[in-house]
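Notes for the one structure printed next.
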Amino acid sequence: MLKKLMEQRAMLLKELETMVGALKTETEKNGKKVEEVRAFTADEQKAYDEKRAKVEELNATIKSLSEARSLDITEPVIAGSNADGSAQKKDNTAAEERAFVEYLRSGKAMELRAEGDTPAAPSDSNWTPSANGAVIPSSIANKIIEQVKNISPIYAMSTKYNVPGTLSIPYYDETDGKITVGYQEEFSVITATSGKLKSISLTGFLVGALTKVSRSLMNNAQFDILSYVISKLAEAVALWIDNEIINGTEGKIVGLSSAKNVITSAATNGVTADELIDVQDTVPDVYQPNCVWVMSRKMRSAIRKLKDGDGNFLLNKDATSKWSYTLFGRPVYLSDAVKMEKGKPAIYYGDFSGLAVKMTENFNMEVLREKYAEQHAIGVVAWLELDSKIENDEKIAVLKLKAS
């Protein structure tokens, strides 16, 4: 369904681009080619508006479907059958977790079954041991992703797309021209101007995370292996994602490094209250309610010393805030990925739903039992595909330290 909707949207966008292109014509005057631009006729404008409205409807539907796919929906275990007489699907989450722990400890594939239930058929579960020892427990992978959201607020606030393949996200660009409104005289020609429909493309870069678990710890029946593996992988993945979506890597993930709203400080080692105000006011008021500040601990310490004309500190402790501090009414989040270095972004501000993050649904894990046998350990590796770019420049602003 999602693929068909995206194909419909791509077709409409192409039709809109063709309609806009038809407004331009070239004529020859005095031996020179002159480009002329006409306005839409009433019928053309109506057709354009209808197609654009359909594109916006498709955008909303595609976003809703993508978000629905990313939800971790667990069906309850209910005895009986559905209204149509078909057997209800049982919740195998607990069984998958027990099977995963058993496989880590003993290397034996365990039959999946709910408490007090008969053995579950292999097709009823998402846990698949294979000949090479690989294990793919989707319920555990989902728990890792949920912890990643808790550790990395920027990722949690971003707009997420859980689709495979290349994803094209359209946006309306008025950089080179916007619709103008003004007084006109009768019988005079009105010049037509408009923005352009553009798009950003998100692909997918392979990412792997590995954690090793001591066999001695696993042999301890009191040791919670499952929580250890989930927390260690989630922490490693979250910190890596945080760094990549903030700094990006050339030729790989772009993230926030392409931000266009950049304010440069007057000093190389600090910022002023006026510069912070400039950064905050770069983001339109309509997006301000969901905005947050992102900076390093060192930058926060520097801002804590700034005072207004009445001697009041600008940065305030706030027990009701997510991260204990607010600056000009908005929460302050600390990230080690933001460096306080000359010529580099030192503060990010905005509504981070303007950042698009595409993670494929094929997040999976493998257990490496033999590879680390000589270290008396077992490896657990997680694989995913990720990409990230800004999809709405208006929502995000950056304060960069002066280079020299």
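For the reader, a short list of remarks on this structure follows.
- Which listed pairs, of Lys298/Lys339; Lys143/Lys232; Lys232/Lys358, have C-alpha distances above 20 Å, in listed order: Lys232/Lys358
- Here the extension length gained between Glu374 and Val20 equals 120.8 nm, from 0.36 nm per residue of separation less the Cα-Cα distance.
- Applying 1/(1 + (r/R0)^6) with r as the Cβ-Cβ distance of Thr320 and Tyr287 and R0 = 22 angstrom yields a FRET efficiency of 0.55.
- Simple spin-label estimate for Asn150 and Asp274 gives 4.5 nm between the two label positions (7 Å along the Cα-to-Cβ direction from each Cα).
- For the pair Asp310 and Lys46, the difference between a 0.36 nm per residue extended length and the Cα-Cα distance amounts to 89.4 nm.
- Filter on Lys3/Lys389; Lys3/Lys51; Lys14/Lys54; Lys160/Lys371 - keep pairs with C-alpha separation over 23 Å: Lys160/Lys371
- With neighbour counts taken as other beta-carbon atoms within 10 Å, the residues Phe223, Phe313 rank, fewest first, as Phe313, Phe223.
- Of the peptides 377-390, 323-336, the order by per-residue mean of other Cβ atoms within 10 Å, starting with the highest, comes out as 377-390, 323-336.
Read the figures in this text as sums done on the coordinates, not as results from a lab. None of these values were measured; they are calculated from a predicted model. All Cβ positions, even for glycine, are placed from backbone atoms using ideal geometry, and neighbour counts span all protein chains on display.
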